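Each reported figure results from applying straightforward, stated rules to the coordinates on display, with no laboratory input. If you're wondering where the values come from, they're calculated on a predicted model, not measured in any experiment. Using ideal geometry, Cβ is built from the backbone for each residue, glycine included, and neighbour counts are taken over all protein chains shown.
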Amino acid sequence: MEEMEEELKCPVCGSFYREPIILPCSHNLCSACARNILVQTPDAESPQSRASGSAVSDYDYLDLDKMSLYSEADSGYGSYGGFVSAPTTPCQKSPNGVRVFPPAAPHHLMPHAPAALTPVPRNACITCPQCHRSLTLDERGLRGFPRNRVLEAVVDRYQQSKAAALRCQLCEKTPTEASVMCEQCDVFYCDPCRLRCHPPRGPLAKHRLVPPAQGRISRRTSPRKISTCTEHELENLSMYCVQCKTPVCYQCLEEGKHGTHEVKALGAMWKLHKGQLSQALNGLSDRATEAKEFLVQLRNMVQHIQENGVEFEACLVAQCDALIDALNRRKAQLLSRVNKEHEHKLKVVRDQISHCTVKLRQTTGLMEYCLEVIKENDPSGFLQISDALIRRVHMTEGQWGKGTLTPRMSSDFDLTLDSGPLLQTIHQLDFVQMKVPAAPMLQLEECCTQNNSATLSWKQPPLSTVAVEGYILELDDGGGGPFREVYVGPESICTVDGLHFNSTYKSRVKAFNSSGVGQYSKTLLMHTSEVAWFTFDPASAHPDILFSNDNLTVTCSSYDDRVVMGNAAFSRGVHYWEMTLDRYDNHPDPAFGIARGDALKDVMLGKDDKAWAMYVDNNRSWFMHNNSHTNRTDGGVSKGSTIGVLLDFTRGILIFLINDEQQGPVAFDGLEGAYYPAISLNRNVQRRRRRRRRRSETQVTLHTGLPIPDFYTPGDGDPSGSVC
């Protein structure tokens, strides 16, 4: 509640509002303060106007000794429409620096001259002391400004809540604190007086006794005063003008300027604006909560800075003492620099704490004031100030911007004492401004794996000011082995290809600069895909290979054999993929298998020593490696046949299948290293009757991500027993 007190004080007199009025700019003033700062603006055509010069609207920058003012002390006629000239009484300053002439007597001591009945100078104007907007009064004067009954009620509640405890009204000597209040008698009693003057018998037994605080509230509660129109004093406010944003009466709609404006029901708009203010307060409340947490963070930083400063001083003293007498003369100077850095950091953080505390106090005060305003049951009074409050709440929320809740200073001391020079260079001993970089932070939301590739991203800690020249990314072998460097450079993101499938890799990164290499980041575990998804690779294929179906289907435009490989390499685990013969006329001899990355692309697969394959026709098949044909097996392929390839690195073997049945024995064993899936195709020519020729070609479609066949059990080297 105390933070709200500033919201309840007049910007001119600095006291709690008394009979506050609402200016068109949505700010408030006491009625008496508004009269005190009235300034007359002479007519432009009058001789007095030409003699006195142009009128100035902002009284903050005027010489008030030359202005014509009207106050309760003025009783005669002067040069402008019945006003005396400005009195010679020295002006005083309000708490916010606004200069005003003192009235003849305080407004709370002059009940005979209320604001609504005091005459107002012709062509008078008033300047808002908060936004400095000048406003010219009409013939109604200050009566044209609506009374802020909501603010007046909030001030009254606030003052009563701060009053002393309620006293017994029947104690003869020193009144003691009341313990109950009788709602029927409307009297506060202490316990002895209640037993003596209000016994619980007879007709008094039916009286209701309540706690003093509840009784005070019920005593203050009175029927809500019906609001009347400022232009038609006999008419009650019943509607709300959307265009003018003000409550209006029925006569305003019939005869006044609001006749053509859009109007809505007063109660509906009251509920709508209350909801908008409550919603705006929710956002501001979140900002206030963040500010409180931020203040805790800043206070913790003060402690950390002090601890780091003490620790830094201790290290510095230890280094200087090690150099004995030669370092003693320099030690004091170095300590002085550390202390200056220490004090500078503390000053920056304390200044930020002070600034944030003030803003939080203002925000909390505004929130409490708004909550008190929401409690009011005066729709028209609420709607008079609701738009301004909503704007203030949004504006205050905007002041808690992104950078406001960010520390301006790091708690670390970026200084390193170099004690390595020889004794004769002690007099040149100085701080090294550069430290090794802090450990980078891995950005988990940007780190991912895809197939057998891993992408890692990192950044420096937010408060780190140490320069970084580059980073070193390290990965293990995916099997718990030692780390190895996979990237060294200035980039903060890296994609590593060619990893093993179904493997868990440990990754870490560290930064370096001219002072050395920093600490490692936290270790990140990344799991590659369990099943291999790949396509044929156009980049490594022979130019005569034709691709379609997103590189999953291939044909050949040449009569010679041409090789195409997949875009993924395998070196660990168990892998299985299949290929379907979409077109085949029983004459070409396609070959299926695996190959090294540098295998020949213009011969049948298996002709050289870098490929292992099975080539097949419509009747039989052969295994071939380094141009050696082995294991002829009956059973060929036809259109629609499926050829499967099973590569098991746990046993180092290669097995082929045709239509889900194993074709021949184990084709090859002792396989080690990295291999790519591969096939070779060609376009053949078939002789037909009447010496006509028909071109025939083979079209193959690749299927990946398949489980291993049911008949096959992986070797002991694959404990998981699953396909990678």
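General observations
- For the pair E262 and E290 in one chain, pulling the backbone fully straight at 0.36 nm per residue adds 6.0 nm over the alpha carbon distance.
- P(r) histogram, all alpha-carbon pairs of the range 545-703 included - 5 Å bins from 0, percent: 2, 9, 20, 23, 22, 14, 6, 2, 1, 1, 0, 0
- Directionally averaged projected area (convex hull, Cα atoms, the range 441-527), nm²: 5.6 nm²
- Peptides 478-489, 587-598, 461-472 ranked from most to least packed, by the mean per-residue count of other Cβ atoms within 10 Å: 587-598, 461-472, 478-489.
- Averaged over residues, the count of other Cβ atoms within 10 Å places the peptides 127-139, 244-256 in the sequence 244-256, 127-139, highest first.
- Here the gap between N618 and S557, fully extended at 0.36 nm per residue and compared with their Cα-Cα distance, gives a gain of 19.9 nm.
- Filter on K347/K435; K245/K274; K347/K459; K271/K292 - keep pairs with C-alpha separation over 20 Å: K347/K435; K347/K459; K271/K292
- Normalising by residue count, the range 230-367 has a Cα convex hull of 137 Å³ per residue.
- Other residues whose C-beta falls under 11 angstrom from the C-beta of K435 contribute a net charge of -2, scoring Lys and Arg +1 and Asp and Glu -1.
- Scoring 336-347, 544-555, 7-18 by mean Cβ neighbours within 10 Å over their residues and listing the highest first yields 7-18, 544-555, 336-347.
- FRET efficiency for R201 and Q160, using Cβ-Cβ distance with R0 set to 41 Å, rounded to 0.05: 0.75
- The residues packed around G635, meaning those with a beta-carbon under 14 Å from its beta-carbon, carry a net charge of -2 if Lys and Arg are +1 and Asp and Glu are -1.
- Electrostatic tally near D589: other residues with Cβ closer than 9 Å to its Cβ, Lys and Arg +1, Asp and Glu -1, net -2.
- Quarter of Cα convex hull surface for the range 606-651, i.e. mean projection, nm²: 3.9 nm²
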